[in-house]
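**Student:** Following this message is one structure expressed as structure tokens.
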């Protein structure tokens, strides 16, 4: 090893340095004590540290200790919109082909989510539509533990909050405009009412199916098939297909 | 008067004990506690190498299955994956020890705050990389981590749709998630290299790797543990089933049980408060106003422009500039915003023209004069120039008083590297029979290179060298942590014995009698 140093002025020149600091008198040599004992203890110490680190990286941890199952409500769905239509602003004179008979605007009212289990209300809350302007789909996500192996009567409702709808209609009426459901057939309220049973640590997922209705899904397809068979046999539903 | 900080002092005592224990087992060269920073870098390299192998077999279309297949490769994949995992856990341990050590050694404030803060960024990024790594396996732990991560992140109003949707079971987790995860797991470590460069940017000659033997020993131990105790696979992640038990890596994921029942806002609040507290450590735990040492200054009249202080400065705080006073040589200039106040420049300057105010070579000679006047060492006595931070902890009052009974006197130095070689010569001229320089172990010098430079000046003619006229038989050096007082005392006694052999017979007898008399008095 060399290092730059100087004797006097000018750029540094190289002078020798100890190859290692262990060459310096008083700094080299083994630590005192019996070498064999030192090596043994040193190896044991290193092994203990390594095993300790390995153990720390795999500590058993119980996330859900009991056997409870879970009812999960989770879906993403476009909201039921209200629509207000007005005559075009006469001040905004446009060519004929750019003029419409009326200009319509849709607004999505907050929806209400209600969950009842065994007739008891467990969730009753207003859900705001997504997005800063409130024009994005709704996202619903609720988890609730259920006692496993027991049939629970579950009722889920999701639809425009009547109070919010009335308020929006009232605001529009004050401006002399009528607000009506954008969809033909009126505002849609989704409802699911059925008996649900979950196994230990099993999750019954209530979500929106392909047809837009609320459905229950299960982790175990076999169980779902059994449930479907029970339904066909006319037996009371244990699990939903 | 020293600042009282009970927690820091208690931590230092514990650190001195642990250092001494490891030094006795491994010697200072291979003491892993002195290598925490470089061991972290070594483990990072191990992670990169083993990660390349795992990457070859990992499939984002079948995350759990591909990792399971890797783990089933008993001849390779199993222990390589285990090494990857254990190296990451070891990295956390090394980083924590490194941070605690820096904290206890007061190396976090002033110009070194940059290293502290960049170290925190490195640690945070390591945690993020680790999170992506655990999720890649897509087992029970991965699912819990993914859900908790998504829940906490969803608090931020920056996502078009909640991230939690991916893990509710409505549909399979999209492949894009695993692709992004893998991308981050590989891209972020590349960013770590850049921040590591910032981390060491204010140090001269930074060491990034441990000694080769220690490196191989660490890799070997990791390999043995990986073979003997390989990582197992947990149950695969099941979105529609509650996870019962997982194998939690507490080195990274100890936060998981703590936040499981907390709302997301509380997690953010606690995390932000913790991050702010750790970031503000350089501000909170810096020395109070009256205790902040002053930065080095250069006496332009004495500076000969020899460059030595600039070369020796461990922080690259000194630059050489053209003089404006008409003299031919250059002039050293200290940047006070970078200067770490170690005083090593004072020991490097032969004409004694640079150093912290009150601690230049000239100031040191004044202190030595006072010291000699006070202790009046005899020809059979030894003066231990002891580093305040290490040096066996002999600078403590009770230690130095006890040693004085044996004719061993302790002269405290702020850093052994700051001691001007003339101090050693002056002590000998002032009557001491021998001088022992007790420094910190080289890898643990609080100012990085103090021990190296003082050794080179005393024994290898590095500027400002100990003059040739000084009898080297009367000068010795030792390196010890603050917990190795016994070793330094032994070295001092050995030097004292050697000094006695160099004395004229009559002189030696007198010195011996003096020691005997002191011992008798003590016993009496």
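**Student:** Please state the shape class of region B:134-175: rounded when a/c is under 1.5, otherwise prolate if a/b exceeds b/c and oblate if not, all from the C-alpha gyration tensor.
**Tutor:** Oblate, because a/c is 1.5 or more while a/b does not exceed b/c.
**Student:** Still on this structure, please answer the following. Report, in degrees rounded to the nearest 10, the 0 to 90 angle that the Cα long axis of helix B:264-279 makes with the longest principal axis of chain B.
**Tutor:** The angle comes out near 20 degrees.
**Student:** Given a Förster radius of 60 Å and the C-beta distance between residue A:66 and residue B:397 as r, what FRET efficiency does 1/(1 + (r/R0)^6) yield to the nearest 0.05?
**Tutor:** Using R0 = 60 Å, I get an efficiency of 0.50.
**Student:** Across the residues of B:21-32, average count of Cβ atoms on other protein chains within 10 Å?
**Tutor:** 5
**Student:** Hey, another quick one. How high is the relative contact order of chain B, in percent, with contacts defined as C-alpha pairs under 8 Å that are six or more residues apart?
**Tutor:** 14 percent
**Student:** Enter the mean number of other protein chain beta carbons within 10 Å of the beta carbon of each residue in B:89-101, as an integer.
**Tutor:** The shielding value for this peptide is 2.
**Student:** Oh, and also: In nm, to one decimal, how far is the modelled label at residue B:228 from the one at residue A:85, with both set 7 Å along Cα→Cβ?
**Tutor:** 8.1 nm
**Student:** Let me ask another. How many angstrom lie between the Cα centre of region A:150-181 and the Cα centre of region B:243-309?
**Tutor:** Each part's Cα centre sits 52 Å from the other's.
**Student:** Let me ask something additional. If you fit an axis through the alpha-carbon atoms of helix B:175-199 and take the longest principal axis of the Cα set of chain B, what angle between them do you get, 0 to 90°, nearest 10?
**Tutor:** With both axes taken from Cα atoms, the answer is about 10 degrees.
**Student:** Measuring from label point to label point, each 7 Å out along Cα→Cβ, what is the residue B:316 to residue B:48 span in nm?
**Tutor:** Distance between label points: 2.0 nm.
**Student:** Separate question: Compute the Cα gyration tensor for region B:17-123, then decide on rounded, prolate or oblate, letting a ≥ b ≥ c be the square roots of its eigenvalues: rounded whenever a/c is under 1.5, prolate when a/b is larger than b/c in the other cases, and oblate in all that remain.
**Tutor:** Verdict is oblate for region B:17-123.
**Student:** Hey, how many Å between the Cα centroid of region A:91-121 and the Cα centroid of region B:116-143?
**Tutor:** If you average the Cα positions of each part, the centres end up 44 Å apart.
**Student:** Something else about it: Using alpha carbons only, how many degrees (0 to 90, rounded to 10) separate the axis of helix B:140-153 from the longest principal axis of chain B?
**Tutor:** 80 degrees
**Student:** Related question: Can you say what percent of the DSSP beta bridges in the protein assembly as shown, counting only those with both residues inside, are antiparallel? Round to 5.
**Tutor:** Details: 60 of 80 bridges.
Antiparallel bridges make up about 75 percent of those DSSP assigns within the protein assembly as shown.
**Student:** For residue A:36, project a label point 7 Å along Cα to C-beta. Then give me every residue of region B:20-37 with its amide nitrogen under 19 Å of that point.
**Tutor:** B:25-26
**Student:** So what is the calculated 222 nm ellipticity per residue for the protein assembly as shown, using -39500 (n - 2.57) for each DSSP H run with n of 4 or more, over all residues, to the nearest 500 deg cm²/dmol? Let's see the in-between values first.
**Tutor:** Values: 23 runs with 327 residues, N = 765.
Value at 222 nm, helices only: -14000 deg cm²/dmol.
**Student:** Compute the distance in nm between two label points, each set 7 Å from the Cα along the Cα-to-Cβ direction, one at residue A:92 and one at residue B:486.
**Tutor:** Label at residue A:92, label at residue B:486, 9.1 nm between them.
**Student:** Now, a different point. For a label point 7 angstrom out from the Cα of residue B:327 toward its Cβ, which stretches of region B:354-371 have the backbone nitrogen within less than 15 Å?
**Tutor:** Output list for this probe position: B:354-355.
**Student:** While we're here: Give the calculated FRET efficiency between residue B:235 and residue A:150 to the nearest 0.05, with a Förster radius of 25 Å applied to their Cβ-Cβ distance.
**Tutor:** 0.50
**Student:** Write down the percent of antiparallel bridges among all DSSP beta bridges whose residues are both part of chain B, to the nearest 5.
**Tutor:** In chain B, DSSP labels about 30 percent of beta bridges as antiparallel.
**Student:** Another one. Give the calculated FRET efficiency between residue B:365 and residue B:100 to the nearest 0.05, with a Förster radius of 35 Å applied to their Cβ-Cβ distance.
**Tutor:** 0.40
**Student:** Over region B:357-447, what is the relative contact order in whole percent, taking alpha-carbon pairs under 8 Å and six or more residues apart?
**Tutor:** The normalised contact order for region B:357-447 reaches 40 percent.
**Student:** Does region B:46-175 come out rounded, prolate or oblate by the C-alpha gyration tensor, with a ≥ b ≥ c the root eigenvalues, rounded set by a/c under 1.5 and, if not, prolate when a/b is larger than b/c and oblate if not?
**Tutor:** Oblate, because a/c is 1.5 or more while a/b does not exceed b/c.
**Student:** Can you give me the Cα centroid spacing of region B:9-32 and region B:370-390 in angstrom?
**Tutor:** 26 Å
**Student:** I want to make sure I understand the PRE zone here: with the label point 7 angstrom from the Cα of residue B:193 toward its beta carbon, which residues in region B:16-54 have backbone N atoms less than 19 Å away?
**Tutor:** Within reach of a label on residue B:193, which here means backbone N under 19 Å from a point 7 Å along Cα→Cβ, region B:16-54 contributes B:38-54.
Values in this text are rule-based calculations from the coordinates and carry no lab data. Given the structure is predicted, the values throughout are model-derived calculations rather than measurements. Backbone-built Cβ (ideal geometry, glycine too); neighbour counts: all protein chains shown.
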